[in-house]
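S.K.: Here it is, the structure, as structure tokens.
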Amino acid sequence: SKNEKEKTENENVIKVGWMGSLTGDQAVWGQCELNAVKMIFDDINKKGGVLGKKLEVIGYDTKGDAQEAVNVAKRLTGQDKVVAILGPNTSGTAIPISPVLEQAKVADIATVATNPKVTVVDGKVKPYNFRVCFIDPYQGAVAAGFAADELKAKNAAILYDVSDDYSQGLSEFFEETFVKKGGKIVAKEAFKTGDVDFRPQLSKIKSANPDVIFMPFVYKEVALSSNQARELGITATLMGGDTWPSEQLITMAKDAVEGSYIVNQVNYDDPDVQDLKNEYKEKYNKNMEINGYLVHDAIMMLVDAMERAGEADSEKIAKALETTDIVGITGKIKVGKDTHNPEGKEAAIVKLVNGEYVFQKKYSAAQ
Amino acid sequence: MDMYYIEGILILSGINLMTVLGLSLLTGFTGMFSFGHAGFMAIGGYATAMMTVKYGWPFIPALLIGGLSAAVVSIFIGRLTLNLKGDYFCIATLGFGEAVRLILDNVQYFGGARGWPGIPNYTNLTNVLVINIIGIFLLANLIRSKYGRNMIAIREEELASQTVGINVFKYKLISLMISAAYAGIAGGLMGHYMTFLQPKMFSLVKSTELTIIVIFGGLGSISGSVLGTLILTALPEILRAFSSWRLVFYGLAVIVIMITRPEGLMGGYEFTPSSMKKLFSRIGKHKKNPAEDTEGGK
Amino acid sequence: MTQFLQQLINGLSIGSVYALMAVGYSLVYSIMKFSNFAHGGVIMFGAYFGYFFLTKYNLPFALAFLFAALCTAIVAVIIERTAYKPLRDRKAPFLYFIICAMGASIFMENIIIAIPSIGPTFRTYPPVLDKTPFTLGSISIGRLDALMFVISAICLLLLVYLIDHTKIGKAIQATSYNIKASALMGINTDFIIIAIFALGGFFAGIAGVLFGMKYTVYPQIGVITNKSFIAAVFGGLGSLPGAVIGSVLLGIIETFTSGYISSQYRDLIAFVLLIGVLVVKPSGLMGKTTEDKA
Amino acid sequence: MLKVDNLHVYYGGIHALKGVSIDINSGEIVTIIGANGAGKSTLLNAVSGFLKYKEGKITYKGENLPSNPSKVVKDGICQVPEGRLVFANLSVKDNLYLGAYLRNDNKKIKEDLEKVYTLFPRLKERENQIAGTLSGGEQQMLAMGRGLMSNPDLMLLDEPSLGLAPLLVQTVFDIIVDIRKMGKTILLVEQNAYKALSVADRAYVLEQGKITMKGSAKEIAENPNIKSAYLGTAKQKI
Amino acid sequence: MAMLEFKNVTKRFGGLTAVGNVDFTVDDDNIVGLIGPNGAGKTTIFNLITGVYKVTEGNIIFQGNEITNKEPYLIAQCGITRTFQNIRLFKKLTVYENVLTACHYNGNYNIVETFLRLPKCRKEERKLKGQTEELLEIMGLMDRKEMIADNLPYGLQRRLEIARALALNPQLLLLDEPAAGMNPDETEQLMSLISYIREKFGVSVLIIDHHMDLVMGICEKIVVLNFGCKLAEGTPSEIQGNSKVVEAYLGVEG
Ligand SMILES: Nc1ncnc2c1ncn2[C@@H]1O[C@H](COP(=O)(O)OP(=O)(O)OP(=O)(O)O)[C@@H](O)[C@H]1O
Ligand SMILES: Nc1ncnc2c1ncn2[C@@H]1O[C@H](COP(=O)(O)OP(=O)(O)OP(=O)(O)O)[C@@H](O)[C@H]1O
Ligand SMILES: [Mg+2]
Ligand SMILES: [Mg+2]
């Protein structure tokens, strides 16, 4: 009955939910993501839509708060009757919505929720949770592998945000792989979300004299900490993850991050990426953040699933998503049956050269 | 409106209400202002989840353990901080709340900052409702007893309370313990509703929200706490359509209520049969209210 | 040894940032006797004013600095007039002020996010100072840090002078002790309160601009003021020297904890210390304890 | 000099002053007597600008008196409030100097300070003590002294003998007479009606927010009703 | 028998000796006056007896038990209650609640009984209410029982403070300037009230006041302080005739 009602009501639109932070300290990413969704939906609709219908996004703010996320999920599935949900952009909000999704039988494609437990808990895959990004262990391992094998680093230091799940996850897996490869972690220093001064930690790192410093946190803090590191006379190579790439980083710390390496989800030299980036910049007069690229691929996954399912039915879409095998702008996306992760997605190693993100090579962790 | 969605809001209101009730005892009735109650929620949440997940206990006994552990921790904190006055106590509790979060961020046994997923979904509207009714019943009984009145006396005038034989420290501690226990149980409910716990959920912002609710509802009024919780949990949901403007309105609403109704919604009043009677008789007479533009002389 | 000195310098520079914020907060506390949790928001406004004066209007640095501080002072006064004055007129208890302050703080942070032309993006101040630090052996002192330290010191000295040696300072002191009695002395207390908020706002503006220059501008920078609240309590609420000493101590304690004990548990140790100090001295380091006279 | 005309003051719903009119001539001591809660302090607070009044007029030296405490002080009216309200955290000396806040004539201020110290030697002794820890009576002296420091033309004294030792009560009334000799005008509110009437020129009786009687201090003191109600010959009842 | 013994007690604030080596006693069923110039240390003595201030030197004995430096609430429970020079009521509470709160220590039920509102709790609550009403009746406050304490006229606030102090069934009642701010007529009423209370409740009273009619009128013994030290002790007529007291405190007119 649910489906019938929906059909009579909205003959020609397919409602897709979006959730993420429009306020709070993650708002930069959330707002960009929602804007990107709107833009991409417009494009798709201009080209005739999907299954002959137009796509419509209903987006709500989660503040990055788990409680709010649950409310939003209930609202989207219960009240707005969306066929699938895009987002959210943090693991802490993606994990608690699974029971809601399961009850409503609506699939969710998370954009940058990298915690493995978003899709799998206790070895069991959650039927309605998907994602387009690769996961923390993978990213951490890639970074460590690259540091040890390609940069020939022996000693590494880690600076991380103890109160952030992403940061804690990546540093954990970086450490694990790096030590396995025979390297040594000479310093592991923490700070707390909201901190702006990292010199005490960096001074300590400096005296440990590492070859590389792994800094898995968002670019604002990267900019601050790398500037401070250089100020203190630290010359080690800096490394980071997919939270680094942003025009902002260059404005804020161009010299400090020169020569650093990043494990990224996207190859910025790809032509498709350029189109999207420019279109966004033109439309919103802002630079696109990483979320924009990932949500683009999430939408591709969704559209592909809808087309294969042949109708905009939430359960059928969820089924179809399980057999996704496409190539998005962030790489190959083949959904793993037991993980719901994009398997075999290669990471792009990017180096900062003269204030540009220069693609180096594709790299996958040989675990 | 979809029932499923409304049910969700009600459950969350109920969970918040449980903490707010406790906080109302501490802030509204005993006059102590806490910025750390999210910390007690966190303790209760993790303790409850530990009992159900790691030791396989049934939900209700586990919840009691959650409440108990928060209360036990509150004894330690109380011993150290209850003699502090006003803002000093407030900052000390803020420190406590942040400290709890910081410790949990580092305890890998509970998943650290990355959180603890896979907690069974035991919380539902029925048990939240029943627990809240019990909570209100117990609290209302407490307030109407010498215990509650002693706390109110302490709020009004500490030195005078001492000289009428009230052991101020003891009653403050009792108040803190009970309020911590309520928060602990709320934390347990929350963990088993979200099926996930993460230290981030129990941030300073959460503590702040709770305190705002208590004062918004009206100090020293249980009905005010209930009403305040319902309104302030529902308000952001109603404003959801305004996306990024919604917290702007929320902030504005808080200010407007505070300056137009400085007693909070229900300051000092309760919904009881007798007060309702009084209220109606007053509405009848309320027509002419002479000037109120004075600044108090004494 | 070099590391010790470097950490000391790091601590001092962090402490001076806390101090600039704590002073404005403490100033308001001393008169109004409540924690003005909107102070963080006001500082954030200061940072944005500075940013826009520099980038949009291309004002010279000194001018932008001054204008930003002035505009911030106005914002602080507006908050006082709209959110606190009605409460003051009704003689509401201090809790209501705190809640209003929180409301204001939520409002301020989110209005910045919600206004499309500002939004949540991080913004970087145009480079004003040379980034290369001064070096002493292998110890480095950032130019901006040095500048901040100097500006903080000058501001604080000016403030001390203002309070201790001018007439308005006397009036401020008197008002902070007893508003009604001050009015009896012919002090225009309403004006004094506005002056205090303006002064606090002015400091917040300076803190905001310096902060923005150093750490970029974004809607949540107000959060950092939580630390300065703690510092002010540590030093003794309402006492300006206390606020400064508390801030510097907190900065140094934090640095040394990160540097020598554990950066994971830095804040924990700082909080434990805070509670320790309060247990021994319930009104902070410089706060006065008088036995309650019955 | 001061003229209060048909003054009405409300506290929320409480009608505290119900059309009070009084006038004071320059150089007079006028006293207002009345039971607890009659509205005496309310009247003084309204004059000194702390309370806004609903109806009525207060004129001072022929001009409308602004309803703003600091302006009132500027005009030369100074209230020594009930309950003293000294600056509890400041020293005795600082308190006295604050009394002279609106004055700029430093030399005269010093002289006045000495004058206050001769009137109240106790204050000189305790010059550097924190005012909040003074005894009740000491605080009362301080409040009077501080009032004098503003060098007012009209002093409003609200129960200046409250809580003072008998010896000091006498002193305070002596001082009041002295102050008048200095050319100042005094409006005195007192519970100690007997003493108040003995120094005053004229008196008003305030009962439940209304002036019920007025006249020269002598007349009032001899009125049998006043005698029984305020001068303490009424017989005991609980 | 001596109910309260104040033995060589000294209290210093920094360099200031507020009370220096004072000793006196209050006997059973007695009204004792404590007088002296402003700042002589009278209120300080009350604060020492009730544990608000800590004693620097000396001992305070109540009914044979040492109570020096005990917590104020324990002293109250021992049977000493007081009023304050600056009234300290529970301002926002009603007259009734003010007294009820003070009656609590007679209420004998525990927290479990409270939470479940067991019959024991109800019974005890009824008892407390009865006691409160009885006391309000005696003190003539019954008709104002629902008024907020802060809105009471000054004289009644003082009376309420006394009622609150009596609610604990004290053996010793300390009154700090109960007649301050009262006119002579009201003072006379207060005098009869105090005498009545003494008879009705069988309490001893230690009273500070500057109204000589009151002190001389009802006290059986008077202790005079000056500069923190005891200046004289004796019956009212002895004190009135003591030239030192006249010089330091009473003045010629008395
Ligand atoms: N701030 C206030 N709010 C409400 N009512 C008040 C306030 N201040 C005074 N009142 C009431 O106004 C009336 C007059 O009070 P006021 O203080 O002027 O009396 P008073 O004559 O000075 O008495 P006292 O001798 O006790 O000082 C009293 O009934 C009192 O209860
Ligand atoms: N907390 C305190 N700190 C410092 N000095 C104090 C303190 N309390 C009282 N004093 C001083 O002790 C002395 C005695 O004060 P106390 O209040 O006992 O006087 P009192 O006899 O009650 O006078 P009054 O009749 O005026 O009330 C005074 O000089 C007072 O300044
Ligand atoms: Mg009065
Ligand atoms: Mg005294």
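S.K.: What residue, of C:Pro120, C:Pro116, is open to solvent by less than 20 Å² (accessible area, probe 1.4 Å) and over 22 Å from C:Phe203 (Cβ atoms)?
M.R.: Details: C:Pro116 fails: open to solvent by less than 20 Å² (accessible area, probe 1.4 Å).
None of the other options fit; the residue is C:Pro120.
S.K.: Okay, moving on. Within the range C:236-270, can you find the residues that are free of Cβ contacts under 8 Å to residues at least 40 places away in the same chain, assigned to a helix (DSSP H, G or I) and open to solvent by less than 10 Å² (accessible area, probe 1.4 Å)?
M.R.: C:Thr257, C:Ser258, C:Asp267
S.K.: Oh, and also: Conditions: (1) at pLDDT below 90; (2) open to solvent by less than 10 Å² (accessible area, probe 1.4 Å). E:Phe6 meets all but one. Number of the miss?
M.R.: All conditions pass for E:Phe6, except number (1).
S.K.: Applying the selection to the range D:108-119, what residues are over 22 Å from D:Gly137 (Cα atoms) and open to solvent by 50 Å² or more (accessible area, probe 1.4 Å)?
M.R.: Start the filter on the range D:108-119 by keeping residues that are over 22 Å from D:Gly137 (Cα atoms), which leaves D:108-111.
Once the filter is applied, which keeps residues that are over 22 Å from D:Gly137 (Cα atoms) and open to solvent by 50 Å² or more (accessible area, probe 1.4 Å), the range D:108-119 yields D:Lys108, D:Lys110, D:Glu111.
S.K.: Restricted to the range C:19-40, and to residues that are open to solvent by 10 Å² or more (accessible area, probe 1.4 Å) and facing another protein chain (nearest Cβ under 10 Å), which residue is farthest from C:Gly222 (Cα to Cα)?
M.R.: Restricting to residues being open to solvent by 10 Å² or more (accessible area, probe 1.4 Å) and facing another protein chain (nearest Cβ under 10 Å), the top hit is C:Lys33.
S.K.: Which is open to solvent by less than 20 Å² (accessible area, probe 1.4 Å), within 12 Å of chain D (Cβ to nearest Cβ) and touching a helix residue (DSSP H, G or I) at 6+ places or on another chain (Cβ under 7 Å), of E:Ala40, E:Ala18?
M.R.: Values: E:Ala40 fails: touching a helix residue (DSSP H, G or I) at 6+ places or on another chain (Cβ under 7 Å).
From the options E:Ala40, E:Ala18, the qualifying one is E:Ala18.
S.K.: Kindly indicate the residue of the range C:158-168 that is more than 18 Å from C:Gly205 (Cβ to Cβ) and open to solvent by 90 Å² or more (accessible area, probe 1.4 Å) and also nearest to the chain's Cα centre (by Cα) among those meeting that condition.
M.R.: Here is the first cut: in the range C:158-168, the ones more than 18 Å from C:Gly205 (Cβ to Cβ) are C:160-161, C:163-168.
With open to solvent by 90 Å² or more (accessible area, probe 1.4 Å) added as a condition, the list becomes C:161, C:165.
Numbers: C:Tyr161: 18, C:His165: 22 Å.
So the residue we want is C:Tyr161.
S.K.: Is it true that some residue in the range E:16-24 is more than 16 Å from ligand 1 (Cβ to nearest atom) and in a loop (DSSP other than H, G, I, E, B)? Before the answer, list the steps.
M.R.: To start, the set of residues in the range E:16-24 that are more than 16 Å from ligand 1 (Cβ to nearest atom) comprises E:16-24.
Subset that is in a loop (DSSP other than H, G, I, E, B): none.
For the range E:16-24, residues more than 16 Å from ligand 1 (Cβ to nearest atom) and in a loop (DSSP other than H, G, I, E, B): absent.
S.K.: Can you tell me which residue in the range E:145-189 is farthest from ligand 2 (Cβ to nearest atom), limited to those that are without any contact (Cβ under 8 Å) to a residue 40 or more places away in the chain and within 14 Å of the chain's Cα centre (by Cα)?
M.R.: E:Arg159
S.K.: Here's a follow-up. Restricting to the range D:80-93, and then to whatever is at negative phi and within 16 Å of ligand 4 (Cβ to nearest atom), can you tell me which residue is modelled with the highest pLDDT? Explain how you work it out, then say what you get.
M.R.: Within the range D:80-93, the first condition is being at negative phi, and the residues that meet it are D:80-82, D:86-93.
Then drop every residue that is not within 16 Å of ligand 4 (Cβ to nearest atom), which leaves D:86, D:88.
Values: D:Val86: 85, D:Ala88: 82.
The residue in question is D:Val86.
S.K.: I need the helices (runs of 4 or more DSSP H) fully contained in the range B:1-115, keeping only those with at least 3 residues that are within 13 Å of chain C (Cβ to nearest Cβ).
M.R.: Details: elements: B:3-23, B:37-49, B:59-81, B:86-106.
Correct list: B:59-81, B:86-106.
S.K.: Within the range D:132-144, restricting attention to residues that are more than 9 Å from ligand 2 (Cβ to nearest atom) and over 16 Å from D:Leu187 (Cα atoms), which residue is nearest to the other protein chains (Cβ to nearest Cβ)?
M.R.: D:Met141
S.K.: Sticking with this structure for a sec: Given the residues B:Ile119, B:Ile131, which is the only one that is in contact (Cβ under 8 Å) with a residue 40 or more places away in the chain, part of a loop (DSSP other than H, G, I, E, B) and more than 11 Å from chain E (Cβ to nearest Cβ)? Steps first, please.
M.R.: Values: B:Ile131 fails: part of a loop (DSSP other than H, G, I, E, B).
Answer to the check: B:Ile119.
S.K.: Could you please give the count of residues in the range D:147-169 that are away from ligand 1 (no atom under 16 Å from the Cβ), within 12 Å of another protein chain (Cβ to nearest Cβ), touching a residue at least 12 places away in the same chain (Cβ under 8 Å) and open to solvent by 20 Å² or more (accessible area, probe 1.4 Å)?
M.R.: Number satisfying all stated conditions: 3.
S.K.: Could you look through the range A:245-284, keep only residues that are of a type in the set (Lys, Arg) and within 14 Å of chain C (Cβ to nearest Cβ), and pick out the one that is farthest from A:Val218 (Cα to Cα)?
M.R.: Ranking the candidates gives A:Lys283 first.
S.K.: What's the total number of residues in the range E:145-176 that are within 16 Å of ligand 1 (Cβ to nearest atom) and open to solvent by less than 10 Å² (accessible area, probe 1.4 Å)?
M.R.: Count: 5.
S.K.: Just to be sure I understand, how many residues within the range B:109-146 are charged (D, E, K, R) and surrounded by 21 or more Cβ atoms within 10 Å (Cβ to Cβ)?
M.R.: Restricting attention to the range B:109-146, the residues satisfying the condition of being charged (D, E, K, R) are B:114, B:144, B:146.
Imposing the further condition that a residue be surrounded by 21 or more Cβ atoms within 10 Å (Cβ to Cβ) reduces the set to B:114, B:146.
Summing the residues that are charged (D, E, K, R) and surrounded by 21 or more Cβ atoms within 10 Å (Cβ to Cβ) in the range B:109-146 gives 2.
S.K.: Another question, then. What residue, of D:Ile77, D:Ile14, D:Ile24, D:Ile33, is modelled with pLDDT of 90 or more and more than 10 Å from chain C (Cβ to nearest Cβ)?
M.R.: Working: D:Ile77 fails: more than 10 Å from chain C (Cβ to nearest Cβ); D:Ile14 fails: modelled with pLDDT of 90 or more; D:Ile33 fails: modelled with pLDDT of 90 or more.
None of the others qualify; the one that does is D:Ile24.
S.K.: Here is a check on your reading of the model: is C:Val233 under 13 Å from the mean Cα position of the chain (by Cα), part of a helix (DSSP H, G or I) and within 21 Å of A:Arg199 (Cβ to Cβ)?
M.R.: On the way: under 13 Å from the mean Cα position of the chain (by Cα): yes; part of a helix (DSSP H, G or I): yes; within 21 Å of A:Arg199 (Cβ to Cβ): no.
Answer is no for this residue.
S.K.: Which members of the range A:256-292 meet the condition of being within 27 Å of C:Ile118 (Cβ to Cβ) and of a type in the set (Asp, Glu)?
M.R.: Matches in the range A:256-292: A:Glu279, A:Glu282, A:Glu289.
S.K.: Could you count how many residues in the range E:123-144 are open to solvent by 30 Å² or more (accessible area, probe 1.4 Å) and part of a helix (DSSP H, G or I)? Working first, answer last.
M.R.: Taking the range E:123-144 first, the residues open to solvent by 30 Å² or more (accessible area, probe 1.4 Å) are E:123, E:126-127, E:129-131, E:133-134, E:137-138, E:140, E:142-144.
Filter once more, so that each one left must be part of a helix (DSSP H, G or I): E:123, E:126-127, E:129-131, E:133-134, E:137-138, E:142-144.
Residues that pass the stated criteria total 13.
S.K.: Tell me yes or no: at least one residue of the range B:182-194 is within 14 Å of chain E (Cβ to nearest Cβ) and closer than 30 Å to C:Asn110 by Cβ.
M.R.: yes
S.K.: Does E:Leu116 satisfy being surrounded by fewer than 19 Cβ atoms within 10 Å (Cβ to Cβ) and more than 14 Å from chain D (Cβ to nearest Cβ)?
M.R.: yes
S.K.: Can I ask one more? Please enumerate the residues belonging to the range D:78-90 that are within 15 Å of D:Phe120 (Cβ to Cβ) and away from ligand 1 (no atom under 16 Å from the Cβ). Spell out how you get there, then give the answer.
M.R.: Step one: of the range D:78-90, the residues within 15 Å of D:Phe120 (Cβ to Cβ) are D:80, D:84, D:86.
Within the range D:78-90, D:Val86 is the sole residue that qualifies.
S.K.: Can you give me the ranges of the helices (runs of 4 or more DSSP H) entirely in the range D:122-237 with at least 1 residues that are within 16 Å of ligand 4 (Cβ to nearest atom) and either at pLDDT below 90 or in contact with a helix residue (DSSP H, G or I) (Cβ under 6 Å, 6 or more places away or on another chain) (or both)? If you could, list the steps in order and put the result at the bottom.
M.R.: Values: elements: D:136-149, D:166-181, D:193-199, D:217-222, D:224-230.
Those helices (runs of 4 or more DSSP H) span D:136-149, D:166-181.
S.K.: While we're looking at this one, here's another question. Quick check: anything in the range E:239-247 at the interface with chain D (Cβ under 9 Å from one of its Cβ atoms), under 17 Å from the mean Cα position of the chain (by Cα) and on the phi < 0 side of the Ramachandran plot?
M.R.: Checked the range E:239-247: no residue is at the interface with chain D (Cβ under 9 Å from one of its Cβ atoms), under 17 Å from the mean Cα position of the chain (by Cα) and on the phi < 0 side of the Ramachandran plot.
S.K.: In this structure, is B:Met177 open to solvent by 30 Å² or more (accessible area, probe 1.4 Å) and in contact (Cβ under 8 Å) with a residue 12 or more places away in the chain? So that I can check it myself, show each step before the final result.
M.R.: Values: open to solvent by 30 Å² or more (accessible area, probe 1.4 Å): yes; in contact (Cβ under 8 Å) with a residue 12 or more places away in the chain: yes.
Considered against the rule, which asks whether it is open to solvent by 30 Å² or more (accessible area, probe 1.4 Å) and in contact (Cβ under 8 Å) with a residue 12 or more places away in the chain, B:Met177 comes out as yes.
S.K.: Also, quick follow-up: Open to solvent by less than 20 Å² (accessible area, probe 1.4 Å) and at the interface with another protein chain (Cβ under 8 Å from one of its Cβ atoms), is that true of C:Phe107? Can you show your working first?
M.R.: Numbers: open to solvent by less than 20 Å² (accessible area, probe 1.4 Å): no; at the interface with another protein chain (Cβ under 8 Å from one of its Cβ atoms): yes.
No: the conditions fail for C:Phe107.
The values are calculated or read from the model by the stated rules, or taken from the named source; none is laboratory data. None of the values given here were measured: they were computed from a predicted structure. In this analysis, Cβ positions are derived from the backbone assuming ideal geometry, glycine residues included, and neighbour counts consider all displayed protein chains. All accessible areas refer to the heavy atoms of the entire protein, side chains included, with ligands and DNA or RNA removed. Shrake-Rupley method; radii C 1.70, N 1.55, O 1.52, S 1.80 Å.
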